[in-house]
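**Student:** One structure is given below, represented as structure tokens, and several questions about it will come after.
The values are calculated or read from the model by the stated rules, or taken from the named source; none is laboratory data. Remember, predicted model here, so these are calculated numbers, not experimental data. Positions of Cβ are backbone-derived with ideal geometry, glycine not excepted, and every protein chain shown enters the neighbour counts.
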Amino acid sequence: MTFPEQIDRLVTKLTELTEKDKVEWKETANATTFLASVDKFIVTINRTGSEVNGGLSFQILDRTGRAVEGVTAHVGRDKSAVENANWERLRDLYEIARRRALHSEKVVSDLLASLERIA
Amino acid sequence: MDFLAKHWGDLASIVGLAYAIYLAYQARTAAEQARDAARAARDRIFSLDTIKELTTAKMALNEIIRLQRLTAMTVPWDIVLERYGSARDSLVRCAEGLGVPDPQRQSIGEAIVLLSIMEESIERACLEEDPGRLDIAGFNQRLSAQMNDLERARIAIERAES
């Protein structure tokens, strides 16, 4: 099943803006859930199960924490090409959100700088 | 003098009209002032309600941290979950309150979602009878950060109001 058109656009836009550092993702108490505030809304992306092929869910919440809209995606041989493509798009968003929330690029570059100083 | 004698009635009408306009203006100004004062009083009441709810939420978070410092098996999870719920309810009332500046409304919204995620994790762990798997130290660290954010929100609301 394809994502509703607006959700599809939203996932694309969020991925683009996150790449440009224009959306700030934050960690939550759940190590595999990240959230970002965008104007009056909060979006969350969550992975369940395996790091390689776990299910992914994307939710839009209002400021009172009420889930307004959401999609989930799973990957597998038994899934259609569209379902697998949806999952890949959510995985791309999840990965970039995770890296931004954990500041992993900075961690890696700091570590590299430390190693270079040792060498 | 001749002019005045001929037109004193017209002049009196003009003066009377001007005086009536002046009185109407004064009355309008007084009404506007009364309306502004009523609005200010109402906003102040709403703002005090929001601050009260923020304080209630912070007290609940404080208690959650205290309870979660017990070892996982001795934490009264049912009470902890009830406190999460009451903190969230207070924050929802704040998020819906009037006079909350947008950045603070946003951080209150984030706090609500973060609390929901913690609640869900606890519910799952309790249902699966495995609360030991919860990263309680991490939870408490996040709750402390949330309390700081809520305190900043409270100060900003007070400043916006004054």
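**Student:** Being closer than 21 Å to B:ASP78 by Cβ and facing another protein chain (nearest Cβ under 9 Å) is the filter; apply it to the stretch B:123-138 and report the residue that is surrounded by the most Cβ atoms within 10 Å (Cβ to Cβ).
**Tutor:** Taking the candidates together, the pick is B:LEU134.
**Student:** What number goes with the only condition from (1) surrounded by 15 or more Cβ atoms within 10 Å (Cβ to Cβ); (2) assigned to a helix (DSSP H, G or I) that B:GLN141 does not pass?
**Tutor:** (1)
**Student:** Exactly one of these conditions fails for B:ILE79: (1) surrounded by fewer than 18 Cβ atoms within 10 Å (Cβ to Cβ); (2) within 13 Å of chain A (Cβ to nearest Cβ). Give me its number.
**Tutor:** Result: B:ILE79 fails condition (2) only.
**Student:** Check B:GLU110 against each of (1) touching a Leu at 6+ places or on another chain (Cβ under 7 Å); (2) within 14 Å of another protein chain (Cβ to nearest Cβ); (3) exposed (fewer than 13 other Cβ atoms within 10 Å of the Cβ) and name the one condition it does not meet.
**Tutor:** Result: B:GLU110 fails condition (3) only.
**Student:** Of the numbered conditions (1) at pLDDT 90 or above; (2) out of contact with any helix residue (DSSP H, G or I) (no Cβ under 7 Å at 6 or more places or on another chain); (3) over 13 Å from B:TRP77 (Cβ atoms); (4) not aliphatic (A, V, I, L, M), B:ARG159 satisfies every one except a single condition; which is it?
**Tutor:** (1)
**Student:** A further question on this structure: Select from the stretch B:46-74 the residues that are part of a loop (DSSP other than H, G, I, E, B) and at pLDDT below 90 and write down the one among them that is surrounded by the most Cβ atoms within 10 Å (Cβ to Cβ).
**Tutor:** Within the stretch B:46-74, the match that is surrounded by the most Cβ atoms within 10 Å (Cβ to Cβ) is B:ALA72.
**Student:** Another question about this same structure. Are any residues in the stretch B:95-109 in a helix (DSSP H, G or I), of a type outside the set (S, T, N, Q) and in contact (Cβ under 8 Å) with a residue 24 or more places away in the chain, and if so, which ones? Break it down stepwise before answering.
**Tutor:** Initial filter on the stretch B:95-109 (in a helix (DSSP H, G or I)): B:95-96, B:102-109.
Now restrict to residues that are of a type outside the set (S, T, N, Q): B:95-96, B:102-103, B:105, B:108-109.
If the condition is that a residue be in a helix (DSSP H, G or I), of a type outside the set (S, T, N, Q) and in contact (Cβ under 8 Å) with a residue 24 or more places away in the chain, then B:PRO103, B:ILE108 are the ones that fit.
**Student:** Next question. Out of (1) closer than 26 Å to A:GLU105 by Cβ; (2) surrounded by 13 or more Cβ atoms within 10 Å (Cβ to Cβ), the odd one out for A:GLY65 is which?
**Tutor:** Only one criterion in (1) closer than 26 Å to A:GLU105 by Cβ; (2) surrounded by 13 or more Cβ atoms within 10 Å (Cβ to Cβ) is unmet by A:GLY65, namely (1).
**Student:** Moving on. Would you check which residues across the stretch B:1-46 are among the charged types (D, E, K, R) and without any contact (Cβ under 8 Å) to a residue 40 or more places away in the chain and list them?
**Tutor:** Answer for the stretch B:1-46, where residues must be among the charged types (D, E, K, R) and without any contact (Cβ under 8 Å) to a residue 40 or more places away in the chain: B:ASP2, B:LYS6, B:ASP10, B:ARG28, B:GLU32, B:ARG35, B:ASP36, B:ARG39, B:ARG42.
**Student:** From the set of residues in the stretch B:124-138 that are out of contact with any helix residue (DSSP H, G or I) (no Cβ under 7 Å at 6 or more places or on another chain) and part of a helix (DSSP H, G or I), which is nearest to B:ALA72 (Cα to Cα)?
**Tutor:** Filtering the stretch B:124-138 for residues that are out of contact with any helix residue (DSSP H, G or I) (no Cβ under 7 Å at 6 or more places or on another chain) and part of a helix (DSSP H, G or I), the one nearest to B:ALA72 (Cα to Cα) comes out as B:GLY132.
**Student:** Next up: May I ask you to list the residues in the stretch B:113-122 that are at the interface with chain A (Cβ under 7 Å from one of its Cβ atoms) and not small (Gly, Ala, Ser)?
**Tutor:** Result: B:VAL113, B:LEU114, B:ILE117, B:MET118.
**Student:** Could you say which residue among A:VAL108, A:VAL82, A:VAL52 is over 18 Å from A:ARG9 (Cα atoms), modelled with pLDDT under 90 and either loosely packed, with under 15 Cβ neighbours inside 10 Å or of a type in the set (D, E, K, R) (or both)? Steps first, please.
**Tutor:** Details: A:VAL108 fails: modelled with pLDDT under 90; A:VAL82 fails: over 18 Å from A:ARG9 (Cα atoms).
Selected residue: A:VAL52, the only one of A:VAL108, A:VAL82, A:VAL52 that is over 18 Å from A:ARG9 (Cα atoms), modelled with pLDDT under 90 and either loosely packed, with under 15 Cβ neighbours inside 10 Å or of a type in the set (D, E, K, R) (or both).
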